[in-house]
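Here's the structure, in structure tokens; my notes come after.
Coordinate-derived values only; no laboratory data. What you are looking at is a predicted structure, and each value in this text was computed from that prediction instead of being measured. Neighbour counts are summed over all protein chains in view; Cβ atoms, including those assigned to glycine, are modelled from backbone coordinates with ideal geometry.
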């Protein structure tokens, strides 16, 4: 049973793509009478993680295979509006060396931006997808998702995850490490399970004693294991600890994956099956699972539901920033002043600077809300402390790219304009991020006195790298302190190639 979706004009299809370490998934859905209806699914076993070298480069053969898949997906996405599509990359995409330029090539093949998400954000989306596929209940659930390069563990209730973790073990990485030649021995399986146990150990107590009463598994590895143990008659429903042990002994007795013949196990899943089994066996053993149900929903469905939430003012990113504000005791009144002025300036500059996309408004709003977050560390250079907190924290709902842009805006909101920080961002967002930062700087400057008495809003005009502020009634000449601050700001911006004039 899925959660009721608010009625809205969402008759057009929406699509989500999950670029995993083992397989790429595309899902297309639409909202019919308030409920989500899946209308198309595509899956290809790209095995991106298989092509990752020790120095984090991507094997050209695997890269070609992935780009060809994305080109096929782009044909399916072509009829859909860009705003109805989300694409995320997970563990392997997080690791590929930037010099490989794969991210850019992938976006060109797909003809759509690709968000790279952190492990805990991946866990949140997995839980969201799984939870929507379950009957409504107040029980605490443990959700386990084994991907190609990582395994996500989540404890939650209803649609809200409470504990999330992403561990560096998956069916591809473990198969490459311990079963590379396809040989399966008792020793290799033992070593693989021991390696997984070491990954689990730091969070073992947290998840073993988390108070959950039902375990649910998702994604290809767990679905395949579930199919096999039921087809073999080793379990009636789901996956049991006994059925896992029988499956493990079967593989060891076979000695080689080439000799394995099991109902429910596809040929394309075989090369990574032993590694996935080792991961799940370790999770059962060390988290204390005796029985696991299997979900047909996973990350891609979570993406769909997250998109729907964003369009109905249930954006996880807004909730995250409110939580940050409380945690770091941000002065909400001051943040609101800065936000109001920044958005007013954006309204006047957006046409000339081509900042009319709603995403620019959202990013500027978020930056204004948390621009003083670094004060919790120290007033000295608090813009640097704030940028570090925003870039390195697990921010639910945000992609890694969004976090970097948000951190850059906060880093640049005062003192010297850090051009090098902006220039290190993806090329396509450098200019717009600098422009948003200038608007934020001007807003922060106008509220530096932290007074409830409103200053007059100047007329703002922008053209390329030229910025003009005109205050009403010769106001600026009667306020020498503000004039001095603007003169200093003009010097800061001039060093970054922007000309600020005011009168």
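Summary of values
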| quantity | calculated |
| --- | --- |
| Added length on full extension, which subtracts the Cα-Cα distance from 0.36 nm per residue, residue 392 to residue 365 | 7.7 nm |
| Kirkwood Rh in Å, taken over all unlike Cα pairs in segment 13-55 | 11.9 Å |
| Relative contact order computed over segment 315-456 (Cα-Cα under 8 Å; 6+ residues apart), in percent | 27 percent |
| Nitroxide proxy distance, nm - points 7 Å out along Cα→Cβ at residue 356 and residue 241 | 6.3 nm |
| P(r) tail fraction, segment 134-296 - alpha-carbon pairs more than 18 Å apart, % | 55 percent |
| Spin-label zone in segment 128-159 - amide nitrogen under 19 Å from a point set 7 Å from the Cα of residue 209 along the C-beta vector | 140-142, 154-156 |
| Length added when fully stretched, residue 478-residue 54, from 0.36 nm per residue minus Cα-Cα | 146.2 nm |
| Mean separation of Cα contacts under 8 Å, 6 or more apart, over the residue count of segment 110-201: relative contact order % | 23 percent |
| Cα point-scatterer Debye curve for segment 37-84, base-10 log of I(q)/I(0) at q = 0.24, 0.30, 0.32 Å⁻¹ | -0.89, -1.10, -1.18 |
| Residue 501 versus residue 72: modelled label distance in nm, points set 7 Å from Cα along the beta carbon direction | 5.9 nm |
| Segment residue 32-residue 419, extension gain: residue separation times 0.36 nm, minus the distance between their alpha carbons | 134.6 nm |
| Span from the segment 211-266 Cα centroid across to the segment 25-100 one, whole angstrom | 27 Å |
| Rounded if a/c under 1.5, otherwise prolate or oblate - segment 356-503, Cα gyration tensor axes | prolate |
| Residue 344 versus residue 470: modelled label distance in nm, points set 7 Å from Cα along the beta carbon direction | 1.7 nm |
| Efficiency of FRET between residue 42 and residue 449 - r from beta-carbon atoms, R0 45 angstrom, step 0.05 | 0.20 |
| Zone of residue 261's modelled label, taken as backbone nitrogen in segment 214-229 under 15 Å from a point 7 Å along Cα→Cβ | none |
| Taking all pairs of distinct alpha-carbon atoms in the chain, Kirkwood radius in angstrom | 24.8 Å |
| Alpha carbon centroid spacing (whole Å) that separates segment 135-188 from segment 371-395 | 32 Å |
| Segment 65-194 shape via C-alpha gyration tensor axes, a/c threshold 1.5 | oblate |
